[in-house]
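To keep things clear, I will list the structure first and then write my remarks on it.
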Amino acid sequence: MLPNTVERVHKPAMARRHWIFAADPRQYHWDTLFVKNKEMWRGAGTRPATLRQVRQVRRGDRVLCYHSAPERAMYAIAEVSREPYPDPLDPSGRSLTIDLRAIQRLPRPIPLEELKKAPELRKLKFLKNVRVTVSPLTEAEYAAILKLAGIVAQIGIPLP
């Protein structure tokens, strides 16, 4: 290496992760994201387990948007457009927020009962405790949920 030169190190690209973000539609309806197209999502709360999950979320990750009670259905797809940062509206400084960008509403909402009946989703962490607001998904679980909604991968066209 020559003196006064900087060696460039290329980091391998991280694989896109997949998540379920849950919101009570009476407090935050996912349609708000689609009206604004980009939104600061503040629904994670301050539970330590949830904050551990939120800290793992990265820009470019895909999010399946779930409406909790009374609807209890998977509703839409979003993309993380900014990594987690302290919630500017939380004076305690404990909450984190994530910026999301709307991608698309699912062709049909998938009710919780249908998710529970799908054999390929039997190990889905979210289904063991639907009260969580942030839950990771494997790539196979993400594809299975999209398939239930009517979105199927095609050769040369990646899943949204």
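What follows draws every value from the coordinates through simple rules; no lab data is involved. What you see is a predicted model; the values in this text were computed from it and never measured. Every residue, glycine as well, gets a Cβ built from its backbone with ideal geometry; the counts of neighbours run over all protein chains shown.
Key figures for this structure:
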read-out	value
Folded to 0 to 90 degrees: helix 139-149 orientation relative to the chain principal axis, Cα	40
Candidates Q27, Q104, Q56: whichever shows maximal mean-square fluctuation once the chain is modelled as a Gaussian network with Cα springs under 10 Å	Q27
Point-to-point label distance, E114-H29, nm (Cα→Cβ direction, 7 Å offset)	2.0
Distance between the stretch 78-105 and the stretch 125-141 - C-alpha centres, whole angstrom	19
Peptides 49-55, 76-82, 88-94 ordered by average Cβ neighbours within 10 Å, highest first	76-82, 49-55, 88-94
Candidate lysines - alpha carbon under 16 Å from K147, same-chain residues fewer than 8 apart omitted	K116, K117
Ranked by how many other beta carbons lie within 10 Å on average, peptides 121-128, 144-151 from highest	144-151, 121-128
Karplus (6.51, -1.76, 1.60) ³J(HN,Hα), θ = phi - 60°, over the stretch 61-68, in Hz, Gly and Pro reported as x	5, 9, 10, 8, 8, 10, 9, 7
Pairwise FRET efficiency - R59 versus K36, Cβ, R0 = 22 Å, nearest 0.05	0.75
